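Engineer: A single structure is presented below for examination.
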Amino acid sequence: MSPRTGRTARAGQYAALMCYLVFLAFPFLWLISTAFKPARELGSLHPTWIPEDPTLDNFRQAFDEQPLLRAAANSLTAALCAALIAVVIATPMAYVMARHRGRLSTAATGWVVVSQAFPFVLVIIPLFLVLKYLHLINSLWGLILVYVVWSLPFALWMLAGYVRAVPPELEEAAAVDGAGKARILISVTAPLLAPGIVATALFAFITAWNEFFFALVLLKTPEKQTLPVVLTHFLGAEGVADLGPLAAAAFLATLPSLVLFAIIQKRITGGLTAGAVKH
Amino acid sequence: MRRRLPALAAVTTALVLLLAGCSGEGGDRDADGTIRLSFQSLAWQKESVDANKQLVREWNAAHPGVQVDYVQGSWDNVHDQLLTSFEGGEAPDIIHDASDDLADFAYGGYLADLRTLLPDRLTEDIPQQSWATTTFGDGVYGVPFLQEPKVLIANKKILESSGVRIPTPEKPWSWPEFRQVTEQLTGKGTYGVAWPLKEPVSVTLNLGLSSGGQLFHRGADGKVTIRSNEGDRVMPGTVRDQVNSDRSAARSALGMGGSDTLPGFFGGKYAMVPLGFSYRQQVVEQAPEGFEWTVLPTPAGSGGLAQGVSPQTLSVAEDSPHKKEAAQFIDFLLRPPNMVRLARGDWMLPTGTEALADPALHTEENGWATGTALARSLRPAPAQSVRGYPEWKDKVATPALQEYYSGAIGTEELRKRLVDDGNRVLARYQR
């Protein structure tokens with residue numbers, strides 16, 4: 001390939017990437033634009049990207065009408081706890097699944113994949129009864145428990161992949177040097193797994209942060225409702241919506257995930273590099 | 001390992017205590033014997049939520065022995081949420097829903113039969129046709145209290161400058177006249193009408209009543225069959241002709257929801273839009289400065305202005321240990337002045353005769369008077385209590401009507417699908 005052809009190909013790749021990014025960013029940019037538009041502009045036949053008369057009224061109205069801060073605090077508690085617990089449980093389990101191949105491990109992997117196919121509606125009633133028995137209806141801890149159980153299969157599957165990517169020879173070398181199993185896991189494998197653990201935690205966090213149906217069904221009192229449930233209070237029957245405040249609240253609801261991504265993305269990259277040079 | 005066991009036990013105990021401490025509060029009575037009821041409301045517009053909360057506060061102030069907790073529900077997934085709550089024995093005592101969502105709950109034994117619980121005042125205040133929307137078998141499982149007719153929201157300037165006759169509830173347009181009018185209003189970048197038919201089934205069935213259409217027919221044995229007569233074809237035929245022959249209805253609107261048509265309406269692209277009565281609030285909020293609009297009745301046929309509705313309802317859970325008190329709260333909430341407050345908050349019509357007579361609902365402003373005049377013509381939506389209707393709607397009627405309105409299939413093919421395929425679906429539910 002000549003340098004010129006290479007440059008053309010590279011330009012094509014960047015153009016395709018830009019198109020993809022624009023495609024991905026479109027709904028989010030539109031959400032931001034809508035959040036700052038006054039009601040009259042929302043009904044315009046010729047909508048503009050930049051609001052002609054930007055306003056914070058939608059944000060004021062959203063905060064006036066719904067307890068967004070309290071709901072955000074509930075969501076944050078549930079999502080952080082769920083992510084932390086899921087990772088703590090999934091890491092040793094994933095290690096066992098990846099390193100000790102056998103019928104049990106294969107069956108467990110199969111079950112993990114199959115369990116992802118269950119729709120929410122199928123599991124919600126038995127789950128509701130179990131949580132009622134445990135007195136965990138209308139409790140954030142009940143919701144956290146559900147989120148952990150719900151995200152655990154995929155977290156396991158994800159982490160098992162990361163474990164398999166760690167060369168067993170490293171662990172064997174550590175064993176030859178006299179390290180015990182626990183020592184090997186903590187000092188050799190865990191640091192190499194760090195990016196995977198962070199990615200898995202992020203996955204569990206976002207799953208819990210965005211989850212709506214379990215929270216809707218399990219939490220009854222307004223004081224305990226999470227952000228996705230409170231957002232639906234801007235929606236009426238037959239798809240009618242209080243669009244401005246809804247967009248404003250939804251925009252605020254996306255911020256924690258974005259911030260977390262921005263922070264963690266560097267860690268994932270850094271972790272990968274660290275893993276590459278580990279001896 | 002032995003050293004770790006006590007630590008593990010301590011952690012487990014702490015976790016159990018933590019879980020117990022954080023668990024939801026139970027019980028339906030306070031320590032002092034006060035009865036505690038939960039009222040799950042689906043009100044969502046600010047005025048409506050405010051009205052509901054204020055009424056709950058007024059009740060609580062006047063009834064120290066029976067306190068009501070307001071719980072904010074959501075129209076999104078309300079059916080699944082209620083079903084789970086019923087199955088788990090944790091349903092709210094007082095339930096806000098829509099009448100077309102009640103059949104499964106009523107037949108499933110989740111809702112209390114209200115016949116002996118409601119006072120005569122309330123029973124007599126609400127017309128029989130409204131009670132029919134919440135009557136399943138021999139029981140009444142909800143109090144219908146708010147309803148929403150379809151109306152034509154029209155651009156006043158376009159309408160008046162065209163010289164067409166302006167319809168009133170006393171002298172509405174007939175369907176053929178409506179077709180002529182939309183042709184007259186079409187031109188210079190304006191369509192006479194935009195039919196938002198993203199969800200075409202309920203609109204078609206409900207407006208079909210105006211021409212004597214019924215589609216669903218219950219036999220003496222209680223079984224429902226689908227039959228298509230001349231009246232069933234008037235409304236869909238008019239819309240199809242407007243879109244495909246006259247070009248007086250915007251084809252692009254066929255895939256839209258009601259709110260999606262408003263920008264085009266404000267921009268003068270559509271002269272009229274058939275919408276639910278409560279959409280007036282969005283028009284008030286979003287219409288550009290100086291935009292003049294008016295509310296007109298939908299066209300009439302051999303059935304007059306009749307159209308189907310599925311009112312909003314208040315029910316009592318069968319599992320509630322305080323059904324009598326729950327019914328008393330509903331009676332309080334639906335006293336005529338309170339019903340008016342709720343109706344104005346939701347921009348809808350009350351079902352109660354006394355509330356409907358309130359002067360506040362007869363003002364010309366924002367088309368209240370036109371809507372109120374339509375109230376006596378409102379009937380239960382034709383498929384209200386038909387088991388198997390959701391499947392027929394999703395698998396048979398929605399695609400068939402979408403194809404019909406767009407001109408892809410003809411009248412005979414539509415009839416074949418709605419009736420023949422439809423009866424096969426219903427038969428499975430009525431064995």
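The values are calculated or read from the model by the stated rules, or taken from the named source; none is laboratory data. The structure displayed is predicted, hence computed values, not measured ones. Methodologically, a virtual Cβ is constructed for each residue, glycine included, from the backbone with ideal geometry; neighbour enumeration extends over all protein chains shown. SASA here: full protein model, heavy atoms, side chains in, ligands and nucleic acids out. Shrake-Rupley method; radii C 1.70, N 1.55, O 1.52, S 1.80 Å.
Engineer: Of the conditions (1) within 14 Å of chain B (Cβ to nearest Cβ); (2) open to solvent by 70 Å² or more (accessible area, probe 1.4 Å), residue A:157 fails just one. Which one is it?
Structural biologist: The number of the failed condition is (1).
Engineer: Please verify whether residue A:7 is in contact (Cβ under 8 Å) with a residue 24 or more places away in the chain and open to solvent by 80 Å² or more (accessible area, probe 1.4 Å), treating the condition exactly as stated. Break it down into steps so the answer makes sense when it comes.
Structural biologist: Details: in contact (Cβ under 8 Å) with a residue 24 or more places away in the chain: no; open to solvent by 80 Å² or more (accessible area, probe 1.4 Å): yes.
Criteria not met by residue A:7.
Engineer: Take residues that are among the charged types (D, E, K, R) and tell me which of the helices (runs of 4 or more DSSP H) falling wholly in the stretch B:81-183 contain 3 or more. Break it down stepwise before answering.
Structural biologist: Working: elements: B:102-107, B:120-125, B:128-131, B:156-162.
Per the criteria, B:120-125, B:156-162.
Engineer: Any residue in the stretch B:283-301 that is free of Cβ contacts under 8 Å to residues at least 40 places away in the same chain sitting within a Cβ distance under 7 Å of a residue that is assigned to a loop (DSSP other than H, G, I, E, B)? List the pairs, counting only those 6 or more apart or interchain.
Structural biologist: B:286/A:43; B:287/A:43
Engineer: Tell me which residues, restricted to the stretch B:122-161, are over 24 Å from the mean Cα position of the chain (by Cα) and touching a residue at least 24 places away in the same chain (Cβ under 8 Å). Walk me through how you get there before you give the answer.
Structural biologist: So in the stretch B:122-161, the residues over 24 Å from the mean Cα position of the chain (by Cα) come out as B:155-161.
Once the filter is applied, which keeps residues that are over 24 Å from the mean Cα position of the chain (by Cα) and touching a residue at least 24 places away in the same chain (Cβ under 8 Å), the stretch B:122-161 yields B:155, B:156, B:157, B:158, B:159.
Engineer: Can you name the residue in the stretch A:185-242 that is within 8 Å of another protein chain (Cβ to nearest Cβ), touching a Phe, Trp or Tyr at 6+ places or on another chain (Cβ under 9 Å) and not in a helix (DSSP H, G or I) and is also most open to solvent (accessible area, probe 1.4 Å) among such residues?
Structural biologist: Among those residues, the one meeting the criterion is A:235.
Engineer: Pairs please, first residue from the stretch B:336-353 and under 15 Å from residue B:374 (Cβ atoms), second anywhere and basic (Lys, Arg), Cβ atoms under 6 Å, 6+ apart in sequence or on different chains.
Structural biologist: Correct list of pairs: B:347/B:280.
Engineer: Any residue in the stretch A:63-72 that is open to solvent by 30 Å² or more (accessible area, probe 1.4 Å), free of Cβ contacts under 8 Å to residues at least 40 places away in the same chain, aromatic (Phe, Trp, Tyr) and in a loop (DSSP other than H, G, I, E, B)?
Structural biologist: no
Engineer: Turning to a different aspect of this structure: Of the conditions (1) within 16 Å of residue B:159 (Cα to Cα); (2) within 22 Å of the chain's Cα centre (by Cα), residue B:270 satisfies every one except a single condition; which number is it?
Structural biologist: (2)
Engineer: For the condition out of contact with any His (no Cβ under 8 Å at 6 or more places or on another chain) and either open to solvent by 10 Å² or more (accessible area, probe 1.4 Å) or in a helix (DSSP H, G or I) (or both), what is the one hit in B:398, B:372?
Structural biologist: Working: B:372 fails: out of contact with any His (no Cβ under 8 Å at 6 or more places or on another chain).
Every option except B:398 fails the conditions.
Engineer: Only one of A:124, A:89 is within 11 Å of chain B (Cβ to nearest Cβ) and either open to solvent by less than 70 Å² (accessible area, probe 1.4 Å) or of a type outside the set (Gly, Ala, Ser) (or both); which? Quick ask: steps written out before the conclusion?
Structural biologist: On the way: A:89 fails: within 11 Å of chain B (Cβ to nearest Cβ).
One residue alone meets the criteria, A:124.
Engineer: Name the residues in the stretch B:221-265 that are closer than 30 Å to residue B:47 by Cβ and more than 25 Å from the chain's Cα centre (by Cα), would you? Can you show your working first?
Structural biologist: Of the residues in the stretch B:221-265, the ones closer than 30 Å to residue B:47 by Cβ are B:253, B:256-265.
Of everything in the stretch B:221-265, nothing turns out to be closer than 30 Å to residue B:47 by Cβ and more than 25 Å from the chain's Cα centre (by Cα).
Engineer: To continue, here is another question. Here are some residues: A:16, A:39, A:35. Which one is farther than 30 Å from residue B:268 by Cα and either within 14 Å of another protein chain (Cβ to nearest Cβ) or open to solvent by less than 90 Å² (accessible area, probe 1.4 Å) (or both)? Step through it out loud before you land on a result.
Structural biologist: Details: A:39 fails: farther than 30 Å from residue B:268 by Cα; A:35 fails: farther than 30 Å from residue B:268 by Cα.
None of the other options fit; the residue is A:16.
Engineer: I need the full set of residues from the stretch A:221-244 which are at pLDDT 90 or above and either of a type in the set (Lys, Arg) or more than 24 Å from the chain's Cα centre (by Cα) (or both), in order please.
Structural biologist: Matches in the stretch A:221-244: A:224, A:244.
Engineer: Any idea which of (1) within 22 Å of residue B:83 (Cα to Cα); (2) not in a helix (DSSP H, G or I) is the one residue A:101 doesn't satisfy?
Structural biologist: (1)
Engineer: Looking only at the stretch B:44-92, filter to residues that are at the interface with another protein chain (Cβ under 7 Å from one of its Cβ atoms) and of a type in the set (A, V, I, L, M, F, W, C); which one of those is surrounded by the most Cβ atoms within 10 Å (Cβ to Cβ)?
Structural biologist: Only one residue fits best here, namely B:44.
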